[in-house]
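Heads up, the thing below is written out as structure tokens.
The values are calculated or read from the model by the stated rules, or taken from the named source; none is laboratory data. All of these numbers come straight from a predicted model, not from anything done at the bench. Cβ sites come from the backbone with ideal geometry, for glycine too, and all protein chains shown count toward neighbours. Side chains are part of the model used for accessible areas, which takes the heavy atoms of the whole protein and leaves out ligands, DNA and RNA. Shrake-Rupley method; radii C 1.70, N 1.55, O 1.52, S 1.80 Å.
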Amino acid sequence: MAKDRARPFSRKHRKYWVTVTGGMVLICALNIGVGMCAYEPPHEPERIQPVLPPPLKAPEGTIGLGEIPTPVMRAFAVAYPRRIPAPRKLAVAGEPIYELAFTDAGPPRRTTRVFYKPDGTFVRAE
């Protein structure tokens, strides 16, 4: 005999859906009652005060990335893409030279130092 799926509210199924619906209403009422009894109003949140370490002293001759001349930074970015340099300004024979150092992320972790003149001319790499 085939199951009767087309008539869920028929007289035959009434004894089930009334019981199930009543059970769901009872469970809902119990959940609301427990929630109302167990509810606590929110308290005032605590503000987190971060403790920052003191700033490190930069080595002699170190400059910020914003102080690198545009031609030097452009030449470095073309030659070594996806690298962020640690810049230093040196004076060699009275002429300023910019040293840009970076460390490779690979397993050898090799540090490369590149030297440029202020006009972006490559001097040497170590």
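Summary of values
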{"item": "MRE, 222 nm, helices only [DSSP H, n ≥ 4, -39500 (n - 2.57), over the chain, to nearest 500]", "result": "-9500 deg cm²/dmol"}
{"item": "Length-normalised contact order of region 13-126 in % [C-alpha pairs under 8 Å, at least 6 apart]", "result": "17 percent"}
{"item": "FRET E, pair residue 57, residue 90, Förster distance 25 Å, beta-carbon r, rounded to 0.05", "result": "0.85"}
{"item": "Mean Cβ count within 10 Å, highest first, over the residues of peptides 74-83, 10-19", "result": "74-83, 10-19"}
{"item": "Radius of gyration and Dmax over the Cα atoms of the chain, both given in Å", "result": "36.5, 105"}
{"item": "Under 9 Å, Cβ to Cβ, from residue 114 - net charge with Lys/Arg +1 and Asp/Glu -1", "result": "0"}
{"item": "Zero-based 10 Å bins, Cα pair distances in region 63-126, whole percents", "result": "22, 58, 18, 2"}
{"item": "Helix 70-79 axis, angle to the chain major axis (alpha carbon atoms, nearest 10°)", "result": "70 degrees"}
{"item": "Distance in nm between pseudo-label sites at residue 83 and residue 20 (7 Å out along the Cβ direction from Cα)", "result": "6.9 nm"}
{"item": "Point-to-point label distance, residue 46-residue 103, nm (Cα→Cβ direction, 7 Å offset)", "result": "3.6 nm"}
{"item": "Accessible area, probe 1.4 Å, largest first, for residues 26, 90", "result": "26, 90"}
{"item": "Most to least accessible of 30, 52 (protein chains only, probe 1.4 Å)", "result": "52, 30"}
{"item": "Accessible area of residue 67 in the full protein assembly, 1.4 Å probe (Å², nearest 10)", "result": "120 Å²"}
{"item": "Lysine pair count for the chain [Cα-Cα under 22 Å; pairs on different chains or 8 or more apart]", "result": "4"}
{"item": "Rounded tilt (10° steps) of 14-38 against the dominant C-alpha axis of the chain", "result": "50 degrees"}
{"item": "Largest-first ordering by accessible area, 1.4 Å probe, given options 112, 70, 62", "result": "70, 62, 112"}
